[in-house]
Amino acid sequence: MLIITNGNPGQFIQVVVALALTFTAIYLLKGRAWALMYVALIPFLNWSFGVIPEFQIVEKSATWTQGISLHPMTMVTGMVFVIRDFVQREMGHRVLAVMAMAVAWSFYYAWPVIALASGIAFAISEGVDWLMFTFTKYRLSTRILLSSALAAPVDTTVFLYGADLAKQIEFGAEPGNSLHVANWVVFVIGKMVGAVIVSAIIRRREDLGLVDPAEA
């Protein structure tokens, strides 16, 4: 109960009803497993960024004045772009409605400042991802890789900017505590790892004739 209500057991009935309406809407929009996974994953990731701390890869020094940190869920975040591509294959442009649901639920389950930053980041980057995946004529494996390559830098920039502001507001941290070049590069690379792996798997299946490269 505490997990479903994000620690607010008094809201259990309202949350269950809202979740039921969400799942019903997804089903009526022709969404199935991928869409449900997508709507569950985005709020979970936004929640995790407010609860699970980043770990330091490189400590602060004269060379790295801010150090380099990485959140454990960064690679999983990169997979969101790939999952969104599969949701679009599953339900077409109705994926935009599912994207809106996922971001909306983030504001209930995540720390408000992080939810706002990551919600805006997801909205912008997923929009970029949708445009790329929709309007290019590349084979499926290439579209997955390129759409993620465009979306990941946008998402990282907006999210790290929001996280930077959040730390300044909540903890009095100095500007640039999260949004700096080293952090940005590490986050983008981390997010692209999953896309590269999935793209390679899909390309192999295309070459074997198991997947239609032109499938939307």
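The values are calculated or read from the model by the stated rules, or taken from the named source; none is laboratory data. Owing to the predicted nature of the structure, the values given are computational and were not obtained by experimental measurement. Glycine also receives a Cβ, built like all others from the backbone with ideal geometry; neighbour counts cover every protein chain displayed.
Here is how the numbers come out for the structure above:
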{"item": "Test for Ser141: is it in contact with a helix residue (DSSP H, G or I) (Cβ under 6 Å, 6 or more places away or on another chain), among the polar types (S, T, N, Q), in contact (Cβ under 8 Å) with a residue 60 or more places away in the chain and over 30 Å from Pro112 (Cα atoms)", "result": "yes"}
{"item": "Contacts under 8 angstrom Cβ, first residue in the range 183-207 being within 17 Å of Ile57 (Cα to Cα), partner acidic (Asp, Glu) and assigned to a helix (DSSP H, G or I), 6 or more apart", "result": "Lys191/Asp155"}
{"item": "Residue count, the range 20-36 (criterion: surrounded by fewer than 14 Cβ atoms within 10 Å (Cβ to Cβ) and not basic (Lys, Arg))", "result": "6"}
{"item": "Where a residue in the range 69-83 is more than 27 Å from Met132 (Cα to Cα) and in contact (Cβ under 8 Å) with a residue 60 or more places away in the chain and its partner, wherever it lies, is in a loop (DSSP other than H, G, I, E, B) and of a type in the set (Asp, Glu), with Cβ under 6 Å and at least six apart", "result": "Ser69/Glu54"}
{"item": "Residue within the range 56-65 that is among the acidic types (Asp, Glu) and either surrounded by fewer than 18 Cβ atoms within 10 Å (Cβ to Cβ) or part of a loop (DSSP other than H, G, I, E, B) (or both) present", "result": "yes"}
{"item": "Set Ala121, Ala100, Ala195, Ala151: member being at pLDDT 80 or above, in contact with an Asp or Glu (Cβ under 6 Å, 6 or more places away or on another chain) and not charged (D, E, K, R)", "result": "Ala151"}
{"item": "Any hit, the range 109-128, residues being part of a loop (DSSP other than H, G, I, E, B) and surrounded by fewer than 16 Cβ atoms within 10 Å (Cβ to Cβ)", "result": "no"}
{"item": "Whichever residue in the range 144-180 is touching a helix residue (DSSP H, G or I) at 6+ places or on another chain (Cβ under 6 Å) and assigned to a loop (DSSP other than H, G, I, E, B) and, among such residues, is farthest from Val58 (Cα to Cα)", "result": "Ala173"}
{"item": "Among (1) surrounded by 12 or more Cβ atoms within 10 Å (Cβ to Cβ); (2) touching a residue at least 60 places away in the same chain (Cβ under 8 Å); (3) under 18 Å from Phe107 (Cβ atoms) - the single one Ser48 does not satisfy", "result": "(2)"}
{"item": "Positions within the range 129-138 being crowded, with 21+ Cβ neighbours inside 10 Å and either under 19 Å from Phe187 (Cβ atoms) or without any contact (Cβ under 8 Å) to a residue 24 or more places away in the chain (or both), in sequence order", "result": "Asp129"}
{"item": "Out of Leu19, Leu45, Leu36, Leu41, sole residue that is touching a Ser or Thr at 6+ places or on another chain (Cβ under 7 Å) and either closer than 27 Å to Phe159 by Cα or of a type in the set (S, T, N, Q) (or both)", "result": "Leu45"}
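Table: residues versus (1) touching a residue at least 40 places away in the same chain (Cβ under 8 Å); (2) within 23 Å of Met79 (Cβ to Cβ).
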{"position": "Ile3", "(1), (2)": "no, yes"}
{"position": "Gly10", "(1), (2)": "no, no"}
{"position": "Ile13", "(1), (2)": "no, no"}
{"position": "Val17", "(1), (2)": "no, no"}
{"position": "Ile26", "(1), (2)": "yes, yes"}
{"position": "Gly31", "(1), (2)": "yes, yes"}
{"position": "Ala35", "(1), (2)": "yes, yes"}
{"position": "Leu41", "(1), (2)": "yes, yes"}
{"position": "Phe44", "(1), (2)": "yes, yes"}
